[in-house]
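K.L.:
One structure is given below, represented as structure tokens, and several questions about it will come after.
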Amino acid sequence: MTPDLELTSVPAWAVEPTCPTADLTGRRWTVLAVGTDAAAIAARWVDEIRAAHPDARPRVHQVADAEAACAALEADLHDAQVGWRLLLAGPAHACLRVRARAFELGAADDEITVASTEVTTREIYCAHCRITTTAATGLSEEITCTGCARRLFVYYHVSRRIGAHLGFATTADATP
């Protein structure tokens with residue numbers, strides 16, 4: 001039985017690719033495009049911001065991966081002011097990680113807009129060895145943990161703190 005995703009911690013954009021409009025309620029924006037597929041979304045967001053706020057100068061970062069996106073995010077948040085917004089586009093697994101870093105740095109949900117370009121790759125956190133495995137898998141499927149080699153069930157839970165799906169063993173550990 002599959003739970004209603006609205007009742008889980010899995011964002012809708014982590015299950016189906018999405019492309020929302022830019023959040024125009026802010027006064028300053030960081031636009032992060034992770035991967036080449038996100039460039040067109042970022043460009044559209046910048047156009048939307050400039051159409052609504054002709055004097056706006058959004059900071060735009062086109063980066064290759066979540067690590068580079070987190071570095072750009074940290075630099076922009078260093079001097080962020082009231083009214084700052086994060087517009088984040090890219091593969092869902094990268095967006096989850098960048099969003100987790102934004103939360104860690106003090107950003108709030110209502111300051112972040114996410115557009116996902118790909119949702120089949122997931123980062124799964126092993127509840128047993130605490131290693132995160134990246135794999136192309138669906139929710140409620142099984143993967144093998146790269147840390148402890150257990151078969152993990154990919155659960156309908158995303159940790160806001162680490163930006164990964166929860167994985168747990170599908171069978172009990174054998175006693176030594």
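K.L.:
Would you please state which residues of region 111-125 a label at ARG161 would reach in this model, taking the label point 7 Å out along Cα→Cβ and a backbone N cut-off of under 19 Å?
P.N.:
Only 123-125 fall inside the zone, counting backbone N under 19 Å.
K.L.:
If you take the beta carbon distance between THR146 and ALA169 as r and set R0 to 22 Å, what does 1/(1 + (r/R0)^6) give as a FRET efficiency, to the nearest 0.05? Don't jump to the answer; show the numbers that get you there.
P.N.:
Working: r = 14 Å, r/R0 = 0.65.
The calculated FRET efficiency here is 0.95.
K.L.:
Given the options ALA149, ALA92, CYS126, identify the residue whose Cα lies farthest towards the positive end of the charge dipole of region 72-176 (+1 on Cβ of Lys, Arg; -1 on Cβ of Asp, Glu).
P.N.:
So the residue we want is ALA149.
K.L.:
Something else: Restricting attention to region 96-169, which GluC sites (Glu not before Pro) occupy a DSSP loop and are surrounded by at most 15 other Cβ atoms within 10 Å?
P.N.:
Counting only loop positions with at most 15 other Cβ atoms within 10 Å, the GluC sites (Glu not before Pro) in region 96-169 are GLU141.
K.L.:
Nearest 20 debye, what's the magnitude of the dipole of the chain about its Cα centre given +1 on Lys and Arg Cβ and -1 on Asp and Glu Cβ? If you can, show how the numbers build up before the last one.
P.N.:
Details: 16 positive and 22 negative charges, 59 e Å.
Computed about the Cα centre, the dipole is about 280 debye.
K.L.:
Continuing with the same structure: Once you have the alpha carbon radius of gyration of region 7-118, what is it after dividing by 2.2 N^0.38 Å, with N set to its residue count? List each step's numbers first, then the result.
P.N.:
Working: Rg = 12.7 Å, N = 112, 2.2 N^0.38 = 13.2 Å.
Against the compact-globule rule of thumb, the ratio is 0.96.
K.L.:
Let me ask something additional. Please state the Cα pair-distance histogram of region 121-169 with 5 angstrom bins from zero: what percent is in each bin?
P.N.:
5, 28, 40, 21, 5
K.L.:
If you split all Cα-Cα distances of region 75-176 into 10 Å bins from zero, what percentages do you get per bin, shortest first?
P.N.:
Taking every Cα pair in region 75-176, the percentages come to 15, 41, 26, 13, 4, 1.
K.L.:
Using θ = phi - 60° and the Karplus relation 6.51 cos²θ - 1.76 cosθ + 1.60, list the HN-Hα couplings for region 134-150 in order, rounded to whole Hz, with x at every Gly or Pro.
P.N.:
Working through the residues one at a time gives 9, 8, 7, 7, x, 5, 6, 9, 10, 9, 9, 5, 6, x, 10, 6, 6 Hz.
None of the figures in this text is laboratory data; all of them are computed from the coordinates on show. Remember, it's a predicted structure, so these values are computed and weren't measured experimentally. In this analysis, Cβ positions are derived from the backbone assuming ideal geometry, glycine residues included, and neighbour counts consider all displayed protein chains.
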